[in-house]
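Student: Pasting a structure here, questions to come.
The values are calculated or read from the model by the stated rules, or taken from the named source; none is laboratory data. Predicted, not measured: the structure shown is a model, and the values here were computed from it. Reconstructed Cβ throughout: ideal geometry from the backbone, glycine too, with neighbour counts over all protein chains shown. Ligands, DNA and RNA are stripped out before the accessible areas are found, and what is left, the full protein with its side chains, is counted by its heavy atoms. Shrake-Rupley method; radii C 1.70, N 1.55, O 1.52, S 1.80 Å.
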Amino acid sequence: MKPILLQGHERSITQIKYNREGDLLFTVAKDPIVNVWYSVNGERLGTYMGHTGAVWCVDADWDTKHVLTGSADNSCRLWDCETGKQLALLKTNSAVRTCGFDFGGNIIMFSTDKQMGYQCFVSFFDLRDPSQIDSNEPYMRIPCNDSKITSAVWGPLGECIIAGHEGGELNQYSAKSGEVLVSVKEHSRQINDIQLSRDMTMFVTASKDNTAKLFDSTTLEHQKTFRTERPVNSAALSPNYDHVVLGGGQEAMDVTTTSTRIGKFEARFFHLAFEEEFGRVKGHFGPINSVAFHPDGKSYSSGGEDGYVRIHYFDPQYFEFEFEA
């Protein structure tokens, strides 16, 4: 399995995301650059220039017309995917930590950090209503008093959003009323990442408590747990196999104290049903901050603290592999 190495960032990668078809891969990092690449050969298609701080999150809509990015420069921006033109700039009071398009691509949500005396909010904008954008007034804003949101995704059918918090709680907020529909606490520490399955019936969380967990996306019922020895920064579900990939490593501040040869920075593959690890992929010189499966399940990508993104195409053995329980 020879990886394609994407070198387009000067700082550590914060998130990588495929569009729905999987022909494009969007990458953002702690530099102000938003990159888009052809996933088939790793050629850079272009950049979205405009942010002035670290970019924490990126999302593309259903038909890859628009791209949404959220940044530490206190803004969430909407871009034309094809031309790279900035279509909207939504200013906030604190850094934008997560962002996402709903199923139809008409409504966006983003969450802001609790910092400098400002609360953590989730804001919802309807892109069909230009007055919301012009006046920078979302049609709904949900305050989060207790612990700030560290990752969030739209639930199935765009009826709710599923948010993971700093304290390890998971909340399901209604996108209509803003009320908390379900609340569970299965993790003991911060939830770093949430990714849905292809059919949106399940999602996997990655947490600082050294585990990734599988949940039902409507009831938030906890189903499986994948345990490791170090914080999990990101986890993704395979679209066509019962596999989950975990990326993690140490805390960024502890990284310099160890040799890269120890190989703590592998991507780890677990079987979804048996919760058993069956493979590892080395490569990054530092913790993996984001992992993503290609929508066809034939490759996956990882972005690391080292600023590189690696696209890995699976060997034929992977597809013939039978798990023995």
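Student: Projected onto the charge dipole of the range 2-318 (+1 at Lys/Arg Cβ, -1 at Asp/Glu Cβ, origin at the Cα centre), which of 155, 318, 130 gives the Cα projection farthest towards the positive end?
Tutor: Result: 318.
Student: If contacts are Cα pairs under 8 angstrom and at least 6 residues apart, what is the relative contact order of the chain in percent?
Tutor: Working: 929 pairs, mean separation 43.5, N = 325.
About 13 percent, as a whole number.
Student: In debye to the nearest 20, how big a dipole does the range 2-318 give about its Cα centre with +1 on each Lys and Arg Cβ and -1 on each Asp and Glu Cβ? Please report the intermediate quantities before stating the final value.
Tutor: Details: 31 positive and 40 negative charges, 135 e Å.
Once rounded to the nearest 20, the dipole reads 660 debye.
Student: Also, I was wondering about something else. Among 157, 181, 45, which one moves the most in a GNM of the chain with springs linking Cα atoms closer than 10 Å?
Tutor: Checking each option, the largest mean-square fluctuation is seen for 157.
Student: Further question: List the residues whose amide H sits under 5 Å from the amide H of residue 233, counting only those 5 or more places along or on another chain, with H placed 1.01 Å from N in the peptide plane.
Tutor: The list, which skips near neighbours in sequence, is 247, 248, 249.
Student: Taking the chain as a Gaussian network, where each spring joins two C-alpha atoms under 10 Å apart, which residue of 139, 38, 300 fluctuates the most?
Tutor: 139
Student: State, to one decimal in nm, how far the label point of residue 10 lies from the label point of residue 91, with both points 7 Å from Cα in the Cβ direction.
Tutor: 2.6
Student: Residue-wise, which Karplus ³J(HN,Hα) couplings in Hz belong to the range 185-197, taking 6.51 cos²θ - 1.76 cosθ + 1.60, θ = phi - 60°, and x for glycine or proline?
Tutor: Karplus values, whole Hz, x for Gly and Pro: 9, 9, 9, 9, 9, 3, 8, 8, 7, 10, 9, 7, 6.
Student: Something else: Tell me the accessible surface of residue 62 in square angstrom (1.4 angstrom probe, heavy atoms of protein chains only), to the nearest ten.
Tutor: Accessible area, nearest 10 Å²: 110 Å².
Student: Further, regarding this structure: Please give the net charge around residue 200, taking every other residue with its beta carbon less than 14 angstrom from that of residue 200, where Lys and Arg add +1 and Asp and Glu add -1. Before the final figure, lay out each step's value.
Tutor: Values: positive: 20, 198; negative: 102, 159, 199, 216.
Here the charged neighbours net out to -2.
Student: Another question about this same structure. Exceeding 23 Å between C-alpha atoms, which entries from my cross-link table qualify? They are 208/298; 208/282; 2/282. Write out the running numbers ahead of the final one.
Tutor: Numbers: 208/298 28 Å; 208/282 21 Å; 2/282 11 Å.
Table pairs above 23 Å Cα-Cα are 208/298.
Student: Ok, one more. Checking the cross-link filter: which lysines have an alpha carbon closer than 20 Å to that of residue 91, excluding same-chain neighbours under 8 positions apart?
Tutor: Hits, sequence-local ones excluded: 30, 114, 148.
Student: Restricting to DSSP H runs of at least four residues, report the calculated mean residue ellipticity at 222 nm for the chain, -39500 (n - 2.57) per run over all residues, nearest 500 deg cm²/dmol. Walk me through the numbers before you get to the answer.
Tutor: Details: 2 runs with 11 residues, N = 325.
Here the helix-only value at 222 nm equals -500 deg cm²/dmol.
Student: Return the label of the correct value of Kirkwood radius over Cα pairs in Å, as calculated from the structure shown, out of (i) 20.5; (ii) 19.6; (iii) 23.9.
Tutor: Among (i) 20.5; (ii) 19.6; (iii) 23.9, the one calculated here is (ii).
Student: On full extension of the chain, what length is gained from residue 230 through residue 145, given 0.36 nm per residue of separation minus the C-alpha to C-alpha distance? Walk me through the numbers before you get to the answer.
Tutor: Values: separation 85, 0.36 × 85 = 30.60 nm, distance 2.87 nm.
Net length gain for the segment: 27.7 nm.
Student: Go through the range 53-153 and name the trypsin sites (Lys or Arg not before Pro) that are in a DSSP coil and have 16 or fewer other Cβ atoms within 10 Å of their Cβ. Please list the in-between numbers first.
Tutor: Working: sites: 65, 77, 85, 91, 97, 114, 128, 141, 148; in loops: 65, 85, 114, 128, 148.
Counting only loop positions with at most 16 other Cβ atoms within 10 Å, the trypsin sites (Lys or Arg not before Pro) in the range 53-153 are 65, 85, 128.
Student: Taking amide H atoms as placed 1.01 Å from N in the peptide plane, list the residues 5 or more away in sequence, or in a different chain, whose amide H sits under 5 Å from that of residue 307.
Tutor: 13
Student: For the range 287-300, just list the computed ³J(HN,Hα) in residue order, Karplus coefficients 6.51, -1.76 and 1.60, θ = phi - 60°, integers in Hz, with x standing in for Gly and Pro.
Tutor: Karplus-based 3J(HN,Hα) across the range 287-300 equals x, 8, 9, 8, 10, 8, 8, 5, x, 8, x, 8, 8, 9 Hz.
Student: How much of residue 63 can a 1.4 Å solvent probe reach, expressed as accessible area in Å² and rounded to 10?
Tutor: For residue 63, the solvent-accessible surface is approximately 80 Å².
Student: Roughly what would the spin-label model give for residue 21 and residue 180, points 7 Å off Cα along C-beta, in nm?
Tutor: 4.2
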